[in-house]
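Below: one structure, written as structure tokens.
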Amino acid sequence: MPSPPLTLDRRSLLTSLGIAGTASLAGCSATEPAPDRSTTTLSEERTQELAEEYAPTLYFDDAERWFPTDPRAFESEQDGETVVDGFDALNDYTAASNELASPPEPTLFYHGVSYEDSPLSVVQFWYYSAFDQFTTNFHWHDWEVLHVFVDTDTDEPQLYVASSHSRKVPNNEFLDPDPDAQPRILSELGSHSSALSVNDLADRFQRLSIDGALADITNSAIDTIEDVINLPIAYGLPRDEGSRLPYLVPEYEGAPLYEHDRLPAVERGDLLPDSLTVSSFQELASPPSELPARATGSVFQYAGRDEPNQIDNEASIDAEYDLVSTRQIEHITAFTGPQLSFEFAVPQFAEDAFAGHITTTGVPWGQPRYNDPAADISDRNHRATLAERYDAIGAPASASTVVASLSQAVSNDDAPEDEGLTTADLGIEGVALLESDPAAVPTFNGVAVVDDVPAGDHRLTVNGAGVEPHSETVGVEEEAETTPAGVEGSIPLVARENATKLEVDPADTDSELTDLAVEDDFAGRLYDAPLSGPDAVYVHRGGAYTTEVRDSADEIGAIRINQAATDADERVRLNNPQTGKASLATYLADVAEETSAAIAAVEETADDGDDETNGSGGAGGRNETLEGSENAIRGLRRALDAIADAARRAAERATAGDRGQADQSLANVEDRLERATTRLAEASDSLPNEIERASKRRLAQSQRRSEQAQAADKL
């Protein structure tokens, strides 16, 4: 089902930003999976047999508001067609639920197909909820599905496919399930995304096999990001994995949805609880840290099951649902309602844009997966396995999966104050959006996964509650199974209270810039992405940064940014960044002068006879030890000043076009860097620990940049 376009400030189209909307980016051509054989509808009798045999038990969150029900109760006639209106469904379901004090008309719908000239058949369980309230979006109506692939020759199930948030989020799938075990569905709060449970803990999702217990999915694992390697690629169930997701309060036309005059039965308490919701991602200064843990609530089981509850001896059934053929509801032509949205920040060079992601729900019988369930297999290895077993199933597509692990950039206690970072757990789940095919996807275990991405360049934007957005271009190569985004698959986000925007404008640069990277002295490389025009990156204002640019001739330039050392404004704009010897030599001079100033401050403290001269508690006072320390510190400062002088001369000579003299000055820089390294070792015991660590990192960075400057062809 195609997603409708994104909107600006909740309603305007993203295309007004110059960003691709629902169409694929130019040059992108997804390789489609090999076609599956046609299917025929199973007989009503056979479909009902399979439906009763595999009817799942469903487990819901204890805060769930919208359970599977029969949409026929909300039918109306519009222009001669039968539709289900969103206002009617939400209002009437809420009224009935409050009146009954229990879920009204619990219902699952079944549909069965068989692939032609094949023993492979599929029974589908479709379940409808009146509303979807989540962190990535909210919308009227919600259809979820469980596909059970069955070999009718052996009467054994082959594959379970439980639907996740969208086609871009890998479904929860299990290959070769136990034929004697009943399928179990664990429904996510609000969104109703379906996880599987096949293990011994009936109401718990287990991503990995632990202590001999079965994992609940057999999806392929991520193998491209070091800190999440072997994590199966599937959404899972956040409540059982300790994930925290702040939900959003639905709005329509700028007001909370429950205030609408067409929803008289709906009050604030009929939506998800205040403790789980935020009014806006952008209104939070930092990620919320006190979201409550969640637990299993109501359990639904098929009313026609002959044997008692097969879950475990202590579990209780809260509701029994009816099984109804989808043929009974195929007369419904549409599920309607005005589009809803929420703010999704998109970083821009100047002012950020806000795009409202919107989804709508179509009828299941209008979707390709209704008659070709294999279209919903998201794991390529699962599709390949079925293709090997059954000629009716086509080979998988070669489209890639874009993956990234989210973290948070925070101050580093080992660095000088406000001059160094590290990364930490973000603490909440985020939201990712691939703008070439706008379907926002939530992260799981802090990992963003966007599936079925065709080859070409795509713009990936990541949001989260209380953090500034991150956006970058990701190049997907042909035949690439997985493509890491960020820096080797890592994307550090910044809490809004600590963030500043770094703007880069290459408009007047004398060469074509192609890449932009940002490194912190302590945290290393934090951003690395293609650059094709003005760009903006949110960084932590407590970092000390090297901004690197690269041009089409593979020449490098570097710019030093240290707000704590230079008293720069909160927003940093780099106009006309250059590449070549002059740029790199200027960078070397800036870093040397910055480090010299920090050493001079220590030297001044020693001259004043302060009581402490290093982080280990060295004593003050005028004695031979202190005089030796002063000499070592003074020698280091002078060595740094000499580096700065030589680097300034190299930059001036490169700018003047004198390559020979520029290289001679850079050779002097290299000699003086070695001398400074020796002086730093001599002074290390006399320096505060954080200053010594920062100086060591800056000298190592300067050595690398010095080598790049000497190798540069461009002056």
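The values are calculated or read from the model by the stated rules, or taken from the named source; none is laboratory data. Just so it is clear, the structure is predicted and the values come from calculations on it, not from any experiment. Reconstructed Cβ throughout: ideal geometry from the backbone, glycine too, with neighbour counts over all protein chains shown. Areas reflect the complete protein model, heavy atoms only, side chains present, ligands, DNA and RNA absent. Shrake-Rupley method; radii C 1.70, N 1.55, O 1.52, S 1.80 Å.
Which of (1) touching a Leu at 6+ places or on another chain (Cβ under 9 Å); (2) modelled with pLDDT of 80 or more; (3) open to solvent by 20 Å² or more (accessible area, probe 1.4 Å) is the odd one out, the single condition residue 391 does not satisfy? Evaluating residue 391 over (1) touching a Leu at 6+ places or on another chain (Cβ under 9 Å); (2) modelled with pLDDT of 80 or more; (3) open to solvent by 20 Å² or more (accessible area, probe 1.4 Å) leaves (1) as the failure. In the stretch 394-428, of all residues being of a type in the set (Gly, Ala, Ser) and over 20 Å from residue 474 (Cα atoms), the one that is nearest to the chain's Cα centre (by Cα) corresponds to 427. If only residues of the stretch 679-715 that are polar (S, T, N, Q) and modelled with pLDDT under 95 are counted, the one that is least open to solvent (accessible area, probe 1.4 Å) is 686.
The set of residues from the stretch 598-619 being open to solvent by 40 Å² or more (accessible area, probe 1.4 Å) and either at pLDDT 95 or above or on the phi > 0 side of the Ramachandran plot (or both) comprises just one member, 617.
Give the residue, chosen from 120, 175, 159, that is of a type in the set (A, V, I, L, M) and out of contact with any His (no Cβ under 7 Å at 6 or more places or on another chain).
120
If only residues of the stretch 179-204 that are open to solvent by 10 Å² or more (accessible area, probe 1.4 Å), in contact (Cβ under 8 Å) with a residue 24 or more places away in the chain and not β-branched (Val, Ile, Thr) are counted, the one that is farthest from residue 317 (Cα to Cα) is 179.
Here the stretch 31-59 is the region considered, the condition is being within 32 Å of the chain's Cα centre (by Cα) and open to solvent by less than 10 Å² (accessible area, probe 1.4 Å), and the residue that is farthest from residue 390 (Cα to Cα) is 59. Close contacts from the stretch 77-95, counting a first residue that is closer than 15 Å to residue 264 by Cβ and a second that is of a type in the set (Ser, Thr, Tyr) and crowded, with 21+ Cβ neighbours inside 10 Å, with Cβ to Cβ under 7 Å and a gap of 6+ residues or different chains, come to 93/69.
Could you list all residues from the stretch 208-223 that are without any contact (Cβ under 8 Å) to a residue 40 or more places away in the chain and out of contact with any Lys or Arg (no Cβ under 8 Å at 6 or more places or on another chain)? Matches in the stretch 208-223: 208, 209, 210, 211, 212, 213, 214, 221. Within the stretch 169-221, being closer than 17 Å to residue 378 by Cβ, outside any loop (DSSP other than H, G, I, E, B) and out of contact with any helix residue (DSSP H, G or I) (no Cβ under 7 Å at 6 or more places or on another chain) holds for 172, 174, 185, 194, 195, 196, 221. Determine whether the stretch 542-560 contains at least one residue that is in a helix (DSSP H, G or I) and either open to solvent by 20 Å² or more (accessible area, probe 1.4 Å) or of a type in the set (Ser, Thr, Tyr) (or both). The answer is no, given that none of the residues of the stretch 542-560 is in a helix (DSSP H, G or I) and either open to solvent by 20 Å² or more (accessible area, probe 1.4 Å) or of a type in the set (Ser, Thr, Tyr) (or both). Condition (residue is of a type in the set (Asp, Glu), touching a Ser or Thr at 6+ places or on another chain (Cβ under 9 Å), assigned to a strand (DSSP E or B) and open to solvent by 10 Å² or more (accessible area, probe 1.4 Å)) applied to the stretch 510-528: is it met by at least one residue? Scanning the stretch 510-528, I find at least one residue that is of a type in the set (Asp, Glu), touching a Ser or Thr at 6+ places or on another chain (Cβ under 9 Å), assigned to a strand (DSSP E or B) and open to solvent by 10 Å² or more (accessible area, probe 1.4 Å), so the answer is yes. Please indicate, with yes or no, whether at least one residue in the stretch 76-88 is of a type in the set (D, E, K, R) and open to solvent by less than 20 Å² (accessible area, probe 1.4 Å). The answer is yes, given that some residue of the stretch 76-88 is of a type in the set (D, E, K, R) and open to solvent by less than 20 Å² (accessible area, probe 1.4 Å).
Answer yes or no: is there a residue in the stretch 119-130 that is in a loop (DSSP other than H, G, I, E, B) and under 19 Å from residue 156 (Cα atoms). Checking the stretch 119-130: at least one residue is in a loop (DSSP other than H, G, I, E, B) and under 19 Å from residue 156 (Cα atoms).
The rows are residues; the columns are (1) modelled with pLDDT of 95 or more; (2) of a type outside the set (Val, Ile, Thr); (3) within 34 Å of the chain's Cα centre (by Cα).
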site: 64; (1), (2), (3): yes, yes, yes
site: 71; (1), (2), (3): yes, yes, yes
site: 79; (1), (2), (3): no, yes, no
site: 90; (1), (2), (3): yes, yes, yes
site: 97; (1), (2), (3): yes, yes, no
site: 115; (1), (2), (3): yes, yes, no
site: 119; (1), (2), (3): yes, yes, no
site: 133; (1), (2), (3): no, yes, yes
site: 138; (1), (2), (3): no, yes, yes
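Report whether or not residue 433 is in contact (Cβ under 8 Å) with a residue 40 or more places away in the chain, open to solvent by less than 10 Å² (accessible area, probe 1.4 Å) and either part of a strand (DSSP E or B) or of a type outside the set (A, V, I, L, M) (or both).
yes
Under 21 Å from residue 544 (Cβ atoms) and either modelled with pLDDT of 95 or more or surrounded by 24 or more Cβ atoms within 10 Å (Cβ to Cβ) (or both): is that true of residue 644 in this structure? When the stated conditions are applied, residue 644 passes them.
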